[in-house]
Amino acid sequence: MKKNLMNLVTYPSPILSKKCAEVKIGDMQAGEILGNMTDKLYEWNGAGLAAPQVGILQRIVVIDVREDPATLYRMINPRIVWRSEELVESKEGCLSIPRLLEKVPRHELVTVQYFDENFAEKEVYASGFLSCCLQHELDHLDGILYIDRLGRRKRSMAIQKFKKLQEEFEEKRKEEEMTE
Ligand SMILES: [Zn+2]
């Protein structure tokens, strides 16, 4: 078995602002990428993971919002084909922007079409947290982070907050190292 060498790409890496390429239908590598991304999704305890977050600029996403029954979505070339006009606001976080949580406006309902790991065409109609998560992950494929969905002022405030959280985290980590 090949070792899973995927590493998490974090803000402000320029990789996270790049637009991802469509996967060629039948590309056998996609299945392996999906498998490794699924392992990392659970290892990092995320609700969703998009390929650019592991440095791969292809339109691939895995999602499991830990609903009951748990459903793992493994998506190739996903796209939103319908969105409700109604917007909702809920707190979001991102593995690539650790520890920051911000309220983001999203469409309440979406329909997403995609190919599964066997390149079968699938469709999911989503509401609630799954809907927000789909919009968040699909944004990653176009190089858009959730903080980019905030207004200009709120976005720069969120980045300041993130920097502060990072500094605090680093300090704490160093202190823990010294007392070990
Ligand atoms: Zn994210």
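The values are calculated or read from the model by the stated rules, or taken from the named source; none is laboratory data. Not measured: the values here are computed from a predicted model. Ideal geometry is used to build each Cβ from the backbone, glycine not excepted, and the neighbour counts take in all protein chains shown. For the accessible areas, the whole protein counts, side chains as well, though only heavy atoms, and no ligand, DNA or RNA atoms are used. Shrake-Rupley method; radii C 1.70, N 1.55, O 1.52, S 1.80 Å.
Tabulated data for the structure shown
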quantity: Selected residue (criterion: farthest from the chain's Cα centre (by Cα)) from residues of region 82-98 that are part of a strand (DSSP E or B), under 16 Å from Leu138 (Cβ atoms) and within 16 Å of the ligand (Cβ to nearest atom); calculated: Glu92
quantity: Residues that are away from the ligand (no atom under 13 Å from the Cβ) and either of a type in the set (Asp, Glu) or not in a helix (DSSP H, G or I) (or both), drawn from region 32-52; calculated: Glu32, Asp39, Glu43, Asn45
quantity: Test for Val65: is it within 20 Å of Arg149 (Cα to Cα) and β-branched (Val, Ile, Thr); calculated: no
quantity: Residues that are of a type in the set (D, E, K, R), open to solvent by 30 Å² or more (accessible area, probe 1.4 Å) and within 22 Å of Val65 (Cβ to Cβ), drawn from region 1-54; calculated: Asp39, Glu43
quantity: Total residues in region 99-150, condition within 14 Å of the chain's Cα centre (by Cα), of a type in the set (Ser, Thr, Tyr) and farther than 19 Å from Ala51 by Cβ; calculated: 1
quantity: Subset tally (residues that are within 16 Å of the ligand (Cβ to nearest atom) and part of a helix (DSSP H, G or I)) for region 126-164; calculated: 21
quantity: Every residue from region 11-66 that is in contact with a Gly (Cβ under 6 Å, 6 or more places away or on another chain) and small (Gly, Ala, Ser); calculated: Ser17
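So that you can scan it fast, the table gives a plain yes or no per residue for (1) farther than 30 Å from Met75 by Cα; (2) buried (at least 16 other Cβ atoms within 10 Å of the Cβ); (3) in contact (Cβ under 8 Å) with a residue 24 or more places away in the chain:
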site	(1), (2), (3)
Leu101	no, no, no
Arg106	no, yes, yes
Gln113	no, no, yes
Leu130	no, yes, yes
Leu134	no, yes, yes
Asp148	no, no, no
Gly151	no, no, no
Gln160	yes, no, no
Met178	yes, no, no
